[in-house]
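The values are calculated or read from the model by the stated rules, or taken from the named source; none is laboratory data. Small disclaimer: the values here were computed from a predicted structure and weren't measured. Neighbour counts run over all protein chains shown; Cβ positions are idealised from the backbone, glycine included. The accessibility values were calculated without ligands, DNA or RNA, using every heavy atom of the protein model including side chains. Shrake-Rupley method; radii C 1.70, N 1.55, O 1.52, S 1.80 Å.
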Amino acid sequence: MDYKVQVGVQSHLEMGPLDDRTMEDLDDECLFPSEMDAQKTQSVDPNQHISVSGSLPFNGNKMTRNGVYKSIKTVVFSNKLNLLMPFGPLAILVHKMTDSNGWVFFLSLLGITPLAERLGYATEQLAFFTGPTVGGLLNATFGNATELIISIYALKSGMKRVVQLSLLGSILSNMLLVLGCAFFCGGLAYHGKEQVFSKATAVVNSGLLLMAVMGLLFPAVLHYTHTERHAGKSELALSRFSSCVMLLAYAAYLVFQLKSQTDHYVPLGEEVNQNGENLDNNDDDEDEAPEISKWESIIWLLIMTVWISILSDYLVDTIEGASDAWDVPIAFISVILLPIIGNAAEHASAIMFAMKDKLDISLGVAIGSSTQISMFGIPFCVVIGWMMGQEMDLNFQLFETATLFITVIVVAFFLQEGTSNYFKGLMLILCYLIVAASFFVHEDPPTDDQSKQPGT
């Protein structure tokens, strides 16, 4: 009897207090449940009932305050990157007090960085309450929320070229930098072998990326070959039609992934780990318990999205001034700097999962995000621009379209074997450095509807 009592009390201590009851109440319930119930029934009078019920609102408010404090502590104060959060309000203050666009852009960029990462964190917490497929879709969707928000504000300001370049840069960053870092870090963590991932996912995503390249290529070829039937109109009409087709294809892909072929997209690690053993499955499940509740995740997603929207407005308004002040091409800022900040969530998630030997999830975050931007983000911006009266099209210019085409081909070759190692990751990172250097020396050709460039 004593041993059972000790075990019962110890289990309560390990689990922590479930409510405001004292340990004496727990002991009473464990030792003499029936007798204590009888005594309480005899000794409790109506006045005592009133006092207990009167204390419930106080205890409820106390628990609510404790829950809010715990949520804020978990989301805001648990990551060192959040030390950059004060730069967001500082950017707004500098914008109100001075005309230094370079500093406002720089501070806004720093302020958005932790918000993008926390947005990814809240998405991952919400994914615990959904299935793995829906969770991967949520990660890709909210991971790209920063780029889409910046793009919508840029479209509103008539900066079509910034929208095109930032979305293109996000695709390049995910395919080369994020995936490369995931392969590299995962390869170093498991340097004695090659990590494997599902070929089915890689093949379907590669096909969708090639379809996106097709959608971007034909308007550019039509423009540079001067073969339009209606000058200035055919290119825009083709872009809008292609965008609708790409959105339809992406919707069909979602149905295919979520409904028809879910068994083909089960991560390999759920059946057997990379070493052919199942020894760590229980430990992984214990380590991956959600830290915040479902509704807390949704509330934090809304808060982060609104705050990113506010800073994105300042970021877009000062991008040209920053280009002038730093003597850096807008193309380099849009293709390289903005996507690195926007992809902070994908970058951290892909590396973390790769180092846990869950490369299918890393691939879904990196390549899945690129697929979503190319097949949904870009066509979506074309349609939104259509509604706004902005002539947003799919002609990304020859240099940018060629860069995307070569990148998709290179990544498709790296994915065709279904294996990865640190050398493949290093090659992808080095390819991204070449792309970054190319855009640093590239001068974007001026167009009639393009925003004013430095030196033009």
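Overview of values
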| item | result |
| --- | --- |
| Odd one out for Ala402, checked against (1) outside any helix (DSSP H, G or I); (2) over 29 Å from Ser108 (Cα atoms); (3) open to solvent by 30 Å² or more (accessible area, probe 1.4 Å) | (1) |
| Leu110 in contact with an Asp or Glu (Cβ under 8 Å, 6 or more places away or on another chain) and at pLDDT 80 or above | no |
| Top-ranked residue in region 428-445 [being among the β-branched types (Val, Ile, Thr) and under 24 Å from the mean Cα position of the chain (by Cα); ranked as most open to solvent (accessible area, probe 1.4 Å)] | Ile429 |
| Selected residue (only one of Asp99, Asp28, Asp37, Asp45 is surrounded by fewer than 19 Cβ atoms within 10 Å (Cβ to Cβ), at pLDDT 80 or above, among the acidic types (Asp, Glu) and farther than 30 Å from Asp360 by Cα) | Asp99 |
| Which listed residue, of Ile378, Ile361, is surrounded by 22 or more Cβ atoms within 10 Å (Cβ to Cβ), touching a Pro at 6+ places or on another chain (Cβ under 7 Å) and within 21 Å of Thr146 (Cβ to Cβ) | Ile361 |
| Region 411-427: number of residues that are open to solvent by less than 50 Å² (accessible area, probe 1.4 Å), farther than 19 Å from Leu167 by Cα, touching a helix residue (DSSP H, G or I) at 6+ places or on another chain (Cβ under 6 Å) and not small (Gly, Ala, Ser) | 4 |
| Flag for Leu56 being open to solvent by less than 50 Å² (accessible area, probe 1.4 Å) and either over 20 Å from Ser312 (Cα atoms) or at pLDDT 75 or above (or both) | no |
| Residue in region 382-392 that is under 26 Å from Gly186 (Cβ atoms) and under 23 Å from the mean Cα position of the chain (by Cα) present | no |
| Test result for Phe353, open to solvent by 50 Å² or more (accessible area, probe 1.4 Å) and either in contact with a Lys or Arg (Cβ under 8 Å, 6 or more places away or on another chain) or closer than 25 Å to Tyr253 by Cα (or both) | no |
| Residues satisfying the stated conditions in region 378-409, i.e. of a type in the set (Val, Ile, Thr) and touching a residue at least 40 places away in the same chain (Cβ under 8 Å) | Ile378, Val382, Val383, Ile384, Thr401, Thr403, Thr407, Val408 |
| Residues being within 22 Å of Leu301 (Cα to Cα), modelled with pLDDT of 85 or more and either open to solvent by 90 Å² or more (accessible area, probe 1.4 Å) or among the charged types (D, E, K, R) (or both) - total across region 74-96 | 1 |
| Residue in region 202-218 that is nearest to the chain's Cα centre (by Cα), counting only those that are open to solvent by less than 20 Å² (accessible area, probe 1.4 Å) and modelled with pLDDT under 90 | Asn205 |
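Matching residues to (1) at pLDDT below 90; (2) farther than 15 Å from Ile384 by Cα; (3) open to solvent by 30 Å² or more (accessible area, probe 1.4 Å):
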| site | (1), (2), (3) |
| --- | --- |
| Glu147 | yes, no, no |
| Leu165 | no, yes, no |
| Leu179 | no, yes, no |
| His191 | yes, yes, yes |
| Phe197 | yes, yes, no |
